[in-house]
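The values are calculated or read from the model by the stated rules, or taken from the named source; none is laboratory data. Treat the numbers as computed from the prediction; the structure is a model and nothing was measured. All Cβ positions, glycine included, derive from the backbone under ideal geometry; neighbour counts span all protein chains shown.
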């Protein structure tokens, strides 16, 4: 089935395209009959008016075939798609940082207890211990100890 959709249907589609263009170009226009009425010699390939019905039916058949192969190609391209790019990526462990404790006041520093982080993908996450910001002392004075 893949060979049919992959090679045969596109080949038939291209052949139908070429023949459809040729059949449409072979047809005479609507104003071509007016020249024959006023004495102009009408030299057509199939005689006078005999090919109109044949070319019309041939054009209809080619157009139907072209539309069917277009639909088949469109349907097959959407059904057999799917990239396996994400399947080819290496598995890289993701390191997460736990959120700060909610009960700690802003600027309180190390007064809050670190919370235990939940395990993800079988690997425990090591909690990060908050550190107190260093107090800045004016120049020449020793820094206060906590």
Within the set of pairs 6 or more residues apart or between chains, which connect a residue that is on the phi > 0 side of the Ramachandran plot and surrounded by 14 or more Cβ atoms within 10 Å (Cβ to Cβ) inside region 57-71 to a residue that is modelled with pLDDT of 95 or more and part of a helix (DSSP H, G or I) with Cβ atoms less than 8 Å apart? none
Looking only at helices (runs of 4 or more DSSP H) that lie completely in region 1-99, which have at least 2 residues being modelled with pLDDT of 75 or more and touching a helix residue (DSSP H, G or I) at 6+ places or on another chain (Cβ under 6 Å)? 9-26, 52-79
